Amino acid sequence: CSSLLLDSFKLPLWEDALNATKTDEQHRFEVVLDFGKAMSKRAQADIHGVHTVFAQAFRVIHPLSPKMLRVHGKLYRATLRGMGSHDDGGPYRQSFSQYCSELQSIPGVGLLLPCSNRTAQIHINQDKWLPNPVAISPIQISMFEFIGKLMGIAIRNKEYLDLRLPSIVWKPLVSQKPTPVDLEAIDILLFKGIDRAAEELGICGYNKLHTSEAEVSSIFFQDTSNENAKLEFSSFSFTTITTDGQEIPLCENGKDIPVSRGNYEEWVRRTLEYKLHEFDVQVEAIRRGLATIVPQRLLMLFTWEELELFVCGEPKTDLRLLRDKTIYSDCSENDPHVQDFWSILEEFTEEQRSGYIRFVWGRSRLPMSEENWEQPHKIAAFYPPTPLPGKQPTRLDDCLPFAHTCYFTLDLPRYSSKEILRKKLKFAIENCPEIDGDQTTTGRRSAAMGFDLRNDDENRFEMSADVDGNQ
């Protein structure tokens, strides 16, 4: 029924509820993040929640009272150890981008895994990530709750998260039940196996047309009578493959029970039932965290697609809106190099456009509407450094564009050709760090902190009581 409710009713009700539950007092706090430490341990899965930037933030933010996190606006001041940055917005935004990057990488934090379509190199929903079903330790469940809190913070502050989760994860968060259609969207091989077993047995198998909204228990199976049955038993047994690649039995001694014409229906039902509920524990933890930041019951008014939009923003970069919200400093929209810049953005892939937004602003997605823009995008003239005495001036074609993430500003050199601009811009997007150093007192203080490169055992000993005792 929620899909029948008009946005003109739902959205004002939702905004009123968010405003009624927000915290008016600003309790802005400092979060010290060590990117160097995270990089030095990037080959290790952070299953104990110690070294990744996500885990560092989790240790500080998760124990806080949820009331402190229900503010509208910038939540905390990000101090980046050893990086000489002053947080006027760029480091704060970049911290959220880094959380998502670490969550959706291998080994990363170890909470999310790529979906089956990606591991099987099937080019449908290949970018989707799923909760790791074996991430069940108390600290990992707490980190899943923290993901839910970050979702709520994103909704309140419009600090969108680049989380590529499928409908099978989003649906339970708005009290909708996933169906086999949601499962097939991210695990095509599972259904190919179900079809193959039916072919081996010479039966028609289950009818997918009846599974779009149906409960697994009420899946309709077509008539299995077939005089041309090839085999009494298929090559399949009562097992299934988990998201983390393990073969597990669907019943006692399932590995020794072959799928036959007589038990095919039961095998399909058990398989789908398991796969649809494989990570219920992890999704429920996300839901609990989300419910501490936003009014959970009102989320039932929305579809899963609408919740994804609230949390993640619009996945496509609206270049028209970006251009409308751009101002210029010591250059003009009509300058040839500026026109080349916009032409190149038009030619970029969506991933490259998102990379540009992250490079220049510290986040991957634009605000969804003009009303949500807090600062304009600026293109400014680039001035090369003054040469040392006796040295030749730096050629503009040898320079890279320079980004000020705190101010959404790009210093764009006047390159001699469009191709040079394209080459330099792509290199900057793909290789340059998103955080620029600031020669301020705060910047120098964060630089002086240096990186903490102690081993994880030392850090885990210090942190052992930081989280679980302060839920």
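The values are calculated or read from the model by the stated rules, or taken from the named source; none is laboratory data. Predicted, not measured: the structure shown is a model, and the values here were computed from it. Virtual Cβ from ideal backbone geometry, glycine too; neighbours counted across all protein chains shown. The area values use the complete protein model at the heavy-atom level, side chains included, leaving out ligands, DNA and RNA. Shrake-Rupley method; radii C 1.70, N 1.55, O 1.52, S 1.80 Å.
Remarks
- Contacts under 6 angstrom Cβ, first residue in region 124-152 being without any contact (Cβ under 8 Å) to a residue 60 or more places away in the chain and more than 14 Å from L165 (Cβ to Cβ), partner in a helix (DSSP H, G or I) and open to solvent by less than 30 Å² (accessible area, probe 1.4 Å), 6 or more apart: none
- So E370, is it under 23 Å from A154 (Cα atoms), out of contact with any Lys or Arg (no Cβ under 9 Å at 6 or more places or on another chain) and among the acidic types (D, E): no
- For region 89-109, a residue qualifies if it is modelled with pLDDT of 90 or more, surrounded by fewer than 22 Cβ atoms within 10 Å (Cβ to Cβ) and not in a helix (DSSP H, G or I), and the qualifying residues are Q104, S105, I106, P107, G108.
- Of all residues in region 127-150 being within 14 Å of the chain's Cα centre (by Cα) and in a loop (DSSP other than H, G, I, E, B), the one that is surrounded by the fewest Cβ atoms within 10 Å (Cβ to Cβ): D127
- Members of region 10-20 that are touching a residue at least 60 places away in the same chain (Cβ under 8 Å) and either farther than 13 Å from P295 by Cα or open to solvent by less than 60 Å² (accessible area, probe 1.4 Å) (or both): K10, W14, A17, L18
- Residues in region 291-332 that are touching a Pro at 6+ places or on another chain (Cβ under 7 Å) and among the hydroxyl-bearing types (S, T, Y) were compared, and the one that is least open to solvent (accessible area, probe 1.4 Å) is T326.
- Scope region 369-402; condition part of a loop (DSSP other than H, G, I, E, B), open to solvent by 70 Å² or more (accessible area, probe 1.4 Å) and more than 30 Å from Y160 (Cα to Cα); matching residues: Y383, P385, T386, L388, P389, G390, K391, Q392, P393, R395
- Flag if R288 is touching a helix residue (DSSP H, G or I) at 6+ places or on another chain (Cβ under 8 Å) and either surrounded by fewer than 21 Cβ atoms within 10 Å (Cβ to Cβ) or within 24 Å of L64 (Cβ to Cβ) (or both): yes
- Within region 30-82, the residues that satisfy the criterion of being assigned to a loop (DSSP other than H, G, I, E, B), closer than 19 Å to L103 by Cα and either open to solvent by 30 Å² or more (accessible area, probe 1.4 Å) or in contact with a strand residue (DSSP E or B) (Cβ under 6 Å, 6 or more places away or on another chain) (or both) are R42, A43, Q44, A45, I47, H48.
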